[in-house]
Structure formats: structure tokens, C-alpha cells
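Everything below concerns the one structure shown next.
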Amino acid sequence: WGENGSVDNEIVVTKKGTSNFSVIFDHVLYKVKDDPGNATFVSAIKNVPPGFDSINPSKRIFDFHLRTGSPGVNAGVITPFLYDLDGKARDQKPDLGCYEN
């Protein structure tokens with residue numbers, strides 16, 4: 001949901017060269033008008049506003065914490081990263097993104 005939602009396709013997959021390839025997006029929330037080819041999505045949330053706390057590019061405000069009720073809350077997967085960027089411990093149902101709600 002970059003550029004305050006004005007970007008139609010946040011994910012574009014372009015093949016260069018002749019080798020076979022595939023891309024897997026696992027536990028993501030994304031906005032797309034045209035699904036990318038050669039991509040597999042696992043537990044993905046498509047075209048649903050993320051519910052970020054405060055985003056206002058004209059005022060240079062970018063607070064990517066998820067509000068209560070965001071579709072990204074408890075939608076993540078356990079990883080080796082036990083803490084978010086604020087130092088808050090991730091729980092057994094981590095949130096998508098870099099902050100735990």
C-alpha cells in the first residue's frame with residue numbers, strides 16, 4: 001500500500017534471461033491490479049487495506065504499526081526474529097510487518 005495506496009501493482013515479477021525461476025510470497029499483504037506471473041502466494045491477503053496507524057506522505061508521516069482490527073494482526077508466521085523493531089516480543093501468532101500489535 002505504498003504511496004498512500006496510489007500504486008496499482010505493488011508486486012511485479014519480471015523474468016530476465018533464459019533460466020527457469022519462481023517467486024514465493026509467504027504471509028504477505030499486498031495490493032495488485034494484475035497478478036504477477038511466475039509467483040506463488042501462500043497465506044496472502046490481497047487488496048485489503050492494511051490498517052496502518054498513520055500514513056501521510058505529504059507530511060512525511062510513516063507509522064507502519066498496525067491498528068487493532070487490521071487484517072495483518074495475527075496473520076504472520078513464526079520466524080527466528082523474536083522481537084519487533086520496537087523491541088516488543090512476538091507472540092505465537094505474530095503480526096505481518098515489522099511491528100507486533
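Descriptive notes on the structure:
- DSSP-defined beta bridges in the chain - what % are antiparallel, rounded to 5: 45 percent
- Estimated dipole of the chain in Debye, rounded to 20 [Cβ of Lys and Arg +1, of Asp and Glu -1, Cα centre]: 180 debye
- Accessible area in square angstrom per residue, the chain, 1.4 angstrom probe: 69 Å²
- Partner aspartates and glutamates whose Cα lies under 18 Å from the Cα of K15, excluding those fewer than 8 positions away in the same chain, are identified as D34, D35.
- Cα-based shape type of the chain, given that a ≥ b ≥ c are square roots of the gyration tensor eigenvalues and the cut on a/c is 1.5: oblate
The values are calculated or read from the model by the stated rules, or taken from the named source; none is laboratory data. Quantities reported herein were computed from a predicted structural model and do not represent experimental measurements. Glycine also receives a Cβ, built like all others from the backbone with ideal geometry; neighbour counts cover every protein chain displayed. Calculation scope for accessible area: heavy atoms of the full protein, side chains included, ligands and nucleic acids excluded. Shrake-Rupley method; radii C 1.70, N 1.55, O 1.52, S 1.80 Å.
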